[in-house]
Amino acid sequence: QPQLVESGGGLVQPGGSLRLSCAASGRASTITDMGWYRQAPGKPRELVARITGIGSRNYGDSVTGRFTISRDNAKNMVYLQMNSLKTEDTAVYYCVAWGTRAYWGQGIQVTVSS
């Protein structure tokens, strides 16, 4: 089954930017859509962004216009460019890949704070 490893998280000030990356390995050829979810303390997990194999995208309402998802199919990578970050974007971000089922990465912390 595919394995997913996220990178690029960390601490950033409000208004700043971060770029998350996710590398898929293993049976990555079975993957169709890829995306990102996030979970803040005390809140349910929510969709951030999703991209299909041919590049169609959809975003969560709270990030539309600030975040951009992209992927490199040749490298089995998906990216999340996050701009104009807000304190409420603080969460653990999870990479997700859909194949025969949904596969999840371990998650990476993003903290937006001054």
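The values are calculated or read from the model by the stated rules, or taken from the named source; none is laboratory data. Treat the numbers as computed from the prediction; the structure is a model and nothing was measured. Backbone-built Cβ (ideal geometry, glycine too); neighbour counts: all protein chains shown. To get the accessible areas, we keep the full protein, side chains included, count just its heavy atoms, and leave off ligands, DNA and RNA. Shrake-Rupley method; radii C 1.70, N 1.55, O 1.52, S 1.80 Å.
Can you tell me which residue within segment 77-88, out of those that are under 14 Å from the mean Cα position of the chain (by Cα) and without any contact (Cβ under 8 Å) to a residue 60 or more places away in the chain, is most open to solvent (accessible area, probe 1.4 Å)? The selected residue is MET77. Taken as a whole, segment 91-101 holds at least one residue that is of a type in the set (Ser, Thr, Tyr), closer than 20 Å to GLN1 by Cβ and at pLDDT 95 or above. Within segment 54-69, the residues that satisfy the criterion of being open to solvent by less than 40 Å² (accessible area, probe 1.4 Å) and small (Gly, Ala, Ser) are GLY55, GLY60.
Against the test of being more than 16 Å from TRP104 (Cβ to Cβ) and assigned to a strand (DSSP E or B), the options SER29, SER70, SER62 yield a single qualifying residue, SER70. Of all residues in segment 1-26, those satisfying the criterion of being open to solvent by less than 70 Å² (accessible area, probe 1.4 Å), in a loop (DSSP other than H, G, I, E, B) and either touching a Pro at 6+ places or on another chain (Cβ under 8 Å) or farther than 18 Å from TRP104 by Cβ (or both) are PRO14, GLY15, GLY16, SER17, GLY26. Restricting attention to segment 97-114, the residues being surrounded by fewer than 21 Cβ atoms within 10 Å (Cβ to Cβ), within 11 Å of the chain's Cα centre (by Cα) and more than 13 Å from GLY8 (Cα to Cα) number 1. All conditions but one from (1) among the small types (Gly, Ala, Ser); (2) within 17 Å of TYR79 (Cβ to Cβ); (3) outside any strand (DSSP E or B) apply to ALA49; the one that does not is (3). For SER29, the criteria (1) without any contact (Cβ under 8 Å) to a residue 12 or more places away in the chain; (2) within 11 Å of the chain's Cα centre (by Cα) hold in every case but one, which is (2).
With the structure loaded, tell me whether ARG38 is under 15 Å from CYS95 (Cβ atoms) and of a type outside the set (A, V, I, L, M) or whether it fails that test. Here the answer is yes, as ARG38 does meet what is asked.
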